[in-house]
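Asks: First the structure, then my questions, so here it is.
The values are calculated or read from the model by the stated rules, or taken from the named source; none is laboratory data. This one's a predicted model, so the numbers in the text were calculated from it and none came from an experiment. Cβ: placed from backbone, ideal geometry, glycine included. Neighbour counts: every protein chain shown.
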Amino acid sequence: MAKQTKSKKAMEKNANSISQDSIQAYWDSLMKLNAESKRLEQVYKINPESLSIPFNK
Amino acid sequence: MNNKFEVLPFTQENLCEVLRSESQHAEDIPHKIQFPHIFEYFTRKGDDGLQMAKTILVENDYFSQSFFDDYKTKHIDSYSARELNKHCKRVHFFSLEFNYTAAESLFFSESLNKNQVKLLSAYLGYIVIRPIQYPIGATILKWIPPTKDKYNLPCLVKNNVNLFGRKINPYSSLIFQEQDKLVGACATSALWSILEKCSRNFKTMNYSPSRLTELAGENTNNIPRRLFPNSGLDINQLCSVLKRIGLDWDILSPSNESEKMGEQIVDNLNDEPQIGFTEHLDESETYNTVDFNYLSFRSKLYAYIKGGFPSLFGIRFSDNTYHAVASIGYREVSENDYNNFNNDVEGFNKQFTRPIIVNEMIDEFIFHDDQIGPFTSIRITKNGLFSVWNMIEIAKIEPHSLLTPIHPTWIINHQHIEDIVHKLNFIMNPSETVQNSKILIWDFHLTKSNTFKTGVAKSKPKFGKECLLNSLPEYVWLIDAYHSINNVKAGEKSLTVVLDPTSINPICPIIEILVYDFSTLNILKEIRINNMYIETLRSYRPKDKIPYKNMKDNSRAIEQLKFNIAFRTFLELKKIK
């Protein structure tokens, strides 16, 4: 119980110490993820035309 | 001497003679596309520095169940084939010299002497010769590596062969045969091989090639194609077969249309100011992301093969014809591969903030290719596919699709896991966003949970070993992280994350975590107490604030934050302290 209270206090302290600047910097780094994410979406999007092409070699 | 079997020294001429069916001339055999590969395979050097195969034993009357099923299904309808022999020959190969008398003595001895035991252990496998125009039937050969490189073939199964009552020591292989054009084309042959392994993994039944073609059913194309004679199955039909035998599938079949994402983003950049990675883009540094699709083929092939799950790999030739082969193994990465990979993707990786994944470095895979032979090696590269050691000249070919049979209860597939690797990399490699340095390198694959536990029992994690006592699903996805050497090579293991393929929680299907060093444990502790994710999510106000108002799609950022929070909760539950 004492440990949990200590942990909760540590988290609260951490939350209070987060500045708006660091939140914005974190946002900016998150935004960088979009490009690679779009590439993966493109790769994993199944091309319906390819599903009816026979393998005939 | 009777005519039930023959013993011949292994020579090119004798191989030609034994590989022909009744309806073929021996002089036609060297022109068969598979012959040079089979000859090269058996003449690879053994430990004694000499060619592996030394003796051929021909079993003149062999009943092949798979050929008999095909015969019953189609060949029997042919008037021309009314006198076709239903029986086959079976050709056995040995890495030891012996003669007819020694073989006869082996078969009729009450007990085996030392030399006879040695002879049986020199067995290299067999090829069934069918009495038709496409003679190479069921083939189960021992794997003979072409070089001293390290190969891993997890999709092989143990085979018990009996030769005239003598049990051969069980050996690992995967069944292969060339297509019999009457009952199936390349896709049928590849699927037949793959389903042999699936039957061991998932307890499904084995079917003959003709039965598989029947199960494929009608094609969904505008122009209907007849099933018999078969002109090739498409992916829709292959999925029908899997569904009918109780399996499901995971497909990779990207469009070949060229969408130059980098250029599009630069165009947008010219229209209006934006934030994020686009501001670092230089017009000369744009990438056609389609050119990097080969990385996804490598990644997915490896992720499934490593745990023993073969895939059907579809390839496209420059003349727009398509071919299917069965994946069974891969060559481990070497020092050269690290360098080649780094050179190939360096600019691409820098521009698209992404993890370094071992799966993408594996470039040489082993396939059963019914047009070439068993255990064919193909390199998947940025410039297309290349056959590594056969003597056949291959035109420019490229990856087309990948179809992996999976268990129908699996919800979390390769795509989900790759996505989670990207998210974990974002959390665990925080300095990457600032310094562009890679701290951890990732490797992910599907495996049996018992195999995973055996590995854990032998290892010394600093946290998480008690998972040995926890129940796990029969199969698990594993994500391993390694400390990087020179930003590309995997060094000491840092972390293993265990994920449930049957999870109904797609955001965070993680069920166990093992940590191998204190520095990683400290990073995880910081993640556990860090409120940045929650505060950032709270601060998110779409479309009402500069600079976010110009972002057209920030759903990936929100997904990442949701994952961060779920992962943090998981660490809390696991009491990472």
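Asks: Determine which single condition B:GLU466 fails, assuming it passes every other condition in (1) part of a loop (DSSP other than H, G, I, E, B); (2) modelled with pLDDT under 95.
Replies: Checking B:GLU466 against (1) part of a loop (DSSP other than H, G, I, E, B); (2) modelled with pLDDT under 95, the one that fails is (1).
Asks: May I pose another question? Restricting to the range B:486-502, and then to whatever is assigned to a strand (DSSP E or B) and touching a helix residue (DSSP H, G or I) at 6+ places or on another chain (Cβ under 9 Å), can you tell me which residue is farthest from B:PHE567 (Cα to Cα)?
Replies: Within the range B:486-502, the subset assigned to a strand (DSSP E or B) is B:489-499.
The next check asks that each one be touching a helix residue (DSSP H, G or I) at 6+ places or on another chain (Cβ under 9 Å); those that pass are B:489-490, B:494-499.
Working: B:LYS489: 26, B:ALA490: 24, B:SER494: 17, B:LEU495: 14, B:THR496: 14, B:VAL497: 11, B:VAL498: 13, B:LEU499: 12 Å.
Out of the qualifying residues, it is B:LYS489.
Asks: Of these, A:ILE23, A:ILE18, A:ILE53, which one is at pLDDT below 75 and within 8 Å of chain B (Cβ to nearest Cβ)?
Replies: Values: A:ILE23 fails: at pLDDT below 75; A:ILE53 fails: at pLDDT below 75.
Selected residue: A:ILE18, the only one of A:ILE23, A:ILE18, A:ILE53 that is at pLDDT below 75 and within 8 Å of chain B (Cβ to nearest Cβ).
Asks: Let me ask something additional. Restricted to the range B:176-194, and to residues that are surrounded by fewer than 24 Cβ atoms within 10 Å (Cβ to Cβ) and in contact with a helix residue (DSSP H, G or I) (Cβ under 8 Å, 6 or more places away or on another chain), which residue is farthest from B:LYS448 (Cα to Cα)?
Replies: In this case the residue turns out to be B:LEU182.
Asks: Please enumerate the residues belonging to the range B:140-161 that are among the basic types (Lys, Arg) and in contact (Cβ under 8 Å) with a residue 24 or more places away in the chain.
Replies: Matches in the range B:140-161: B:LYS142, B:LYS150.
Asks: Here's a follow-up. Assuming B:ARG90 fulfils every condition listed in (1) surrounded by 14 or more Cβ atoms within 10 Å (Cβ to Cβ); (2) closer than 28 Å to B:TYR330 by Cβ; (3) touching an Asp or Glu at 6+ places or on another chain (Cβ under 9 Å); (4) not aromatic (Phe, Trp, Tyr) apart from one, which condition is it?
Replies: (2)
Asks: For the list (1) surrounded by fewer than 16 Cβ atoms within 10 Å (Cβ to Cβ); (2) more than 21 Å from B:ALA122 (Cα to Cα); (3) touching a Lys or Arg at 6+ places or on another chain (Cβ under 9 Å), I need the number of the one condition that B:HIS31 fails.
Replies: In the conditions (1) surrounded by fewer than 16 Cβ atoms within 10 Å (Cβ to Cβ); (2) more than 21 Å from B:ALA122 (Cα to Cα); (3) touching a Lys or Arg at 6+ places or on another chain (Cβ under 9 Å), B:HIS31 misses (3) alone.
Asks: Which is part of a helix (DSSP H, G or I), more than 12 Å from chain A (Cβ to nearest Cβ) and under 19 Å from B:SER296 (Cβ atoms), of B:ASN342, B:ASN336, B:ASN349? Walk me through it before giving the result.
Replies: Working: B:ASN336 fails: under 19 Å from B:SER296 (Cβ atoms); B:ASN349 fails: more than 12 Å from chain A (Cβ to nearest Cβ).
On inspection, the qualifying residue turns out to be B:ASN342.
Asks: Which residues, taken from the range B:222-236, are more than 8 Å from every other protein chain (Cβ to nearest Cβ) and buried (at least 18 other Cβ atoms within 10 Å of the Cβ)?
Replies: Kept after step one, since they are more than 8 Å from every other protein chain (Cβ to nearest Cβ), are these residues of the range B:222-236: B:222-224, B:226-230.
Once the filter is applied, which keeps residues that are more than 8 Å from every other protein chain (Cβ to nearest Cβ) and buried (at least 18 other Cβ atoms within 10 Å of the Cβ), the range B:222-236 yields B:LEU227, B:ASN230.
Asks: What are the residues in the range B:291-318 that are at pLDDT below 95 and within 12 Å of chain A (Cβ to nearest Cβ), if any?
Replies: B:ASP291, B:PHE292, B:ASN293, B:TYR294, B:LEU295, B:SER296, B:ILE315, B:ARG316, B:PHE317
Asks: Can you give me the number of residues within the range B:516-532 that are under 15 Å from B:GLU572 (Cα atoms) and either in contact with a helix residue (DSSP H, G or I) (Cβ under 8 Å, 6 or more places away or on another chain) or in contact (Cβ under 8 Å) with a residue 40 or more places away in the chain (or both)? Steps first, answer last, please.
Replies: First, the residues of the range B:516-532 that are under 15 Å from B:GLU572 (Cα atoms): B:521-531.
Remaining after also requiring either in contact with a helix residue (DSSP H, G or I) (Cβ under 8 Å, 6 or more places away or on another chain) or in contact (Cβ under 8 Å) with a residue 40 or more places away in the chain (or both): B:521, B:523-525, B:527-531.
Matching residues across the range B:516-532 total 9.
Asks: Oh, and also: Could you say whether any residue in the range B:345-366 is among the polar types (S, T, N, Q) and closer than 29 Å to B:ILE175 by Cα?
Replies: Yes, the range B:345-366 contains at least one residue that is among the polar types (S, T, N, Q) and closer than 29 Å to B:ILE175 by Cα.
Asks: Here's a follow-up. Quick one: B:ALA481 ticks every box in (1) in contact with an Asp or Glu (Cβ under 9 Å, 6 or more places away or on another chain); (2) at pLDDT 95 or above; (3) closer than 19 Å to B:LEU573 by Cβ except a single one, so which number is it?
Replies: Of (1) in contact with an Asp or Glu (Cβ under 9 Å, 6 or more places away or on another chain); (2) at pLDDT 95 or above; (3) closer than 19 Å to B:LEU573 by Cβ, only one is false for B:ALA481: (3).
Asks: With the requirement that a residue be modelled with pLDDT under 90, of a type outside the set (Val, Ile, Thr) and outside any loop (DSSP other than H, G, I, E, B), what does the range B:417-439 give you? Talk me through it step by step, then tell me what you get.
Replies: Step one: of the range B:417-439, the residues modelled with pLDDT under 90 are B:426-439.
Of the ones still in play, those that are also of a type outside the set (Val, Ile, Thr) are B:426, B:428-432, B:435-438.
Those that are modelled with pLDDT under 90, of a type outside the set (Val, Ile, Thr) and outside any loop (DSSP other than H, G, I, E, B): B:PHE426, B:MET428, B:GLU432, B:GLN435.
Asks: Yes or no: the range B:322-334 includes at least one residue that is over 23 Å from B:ALA490 (Cβ atoms) and out of contact with any helix residue (DSSP H, G or I) (no Cβ under 6 Å at 6 or more places or on another chain).
Replies: Within the range B:322-334, one or more residues are over 23 Å from B:ALA490 (Cβ atoms) and out of contact with any helix residue (DSSP H, G or I) (no Cβ under 6 Å at 6 or more places or on another chain).
Asks: Does B:ILE328 satisfy the condition of being touching a Gly at 6+ places or on another chain (Cβ under 6 Å), touching a residue at least 24 places away in the same chain (Cβ under 8 Å) and within 21 Å of B:LEU156 (Cβ to Cβ)?
Replies: no
Asks: What's the number of the only condition in (1) more than 30 Å from B:ASN336 (Cα to Cα); (2) of a type in the set (Ser, Thr, Tyr); (3) surrounded by fewer than 21 Cβ atoms within 10 Å (Cβ to Cβ); (4) within 31 Å of the chain's Cα centre (by Cα) that B:SER95 fails to meet?
Replies: Result: B:SER95 fails condition (3) only.
Asks: I would also like to ask the following. Taking the conditions exactly as written (assigned to a loop (DSSP other than H, G, I, E, B), in contact with a strand residue (DSSP E or B) (Cβ under 6 Å, 6 or more places away or on another chain) and modelled with pLDDT under 95), does B:ILE394 satisfy them or not? Before the answer, list the steps.
Replies: Working: assigned to a loop (DSSP other than H, G, I, E, B): yes; in contact with a strand residue (DSSP E or B) (Cβ under 6 Å, 6 or more places away or on another chain): yes; modelled with pLDDT under 95: yes.
Answer is yes for this residue.
Asks: May I pose another question? For the range B:128-149, state whether one or more residues are over 30 Å from B:SER80 (Cα atoms), touching a helix residue (DSSP H, G or I) at 6+ places or on another chain (Cβ under 7 Å) and crowded, with 21+ Cβ neighbours inside 10 Å.
Replies: no
Asks: Of everything in the range B:1-33, what is among the polar types (S, T, N, Q) and at pLDDT 90 or above? Give them in sequence order.
Replies: Scanning the range B:1-33 gives B:THR11, B:GLN12, B:ASN14.
Asks: Continuing with this model, one more query. Restricting attention to the range B:246-267, which residues are more than 7 Å from chain A (Cβ to nearest Cβ), out of contact with any helix residue (DSSP H, G or I) (no Cβ under 7 Å at 6 or more places or on another chain) and at pLDDT 70 or above?
Replies: B:GLY246
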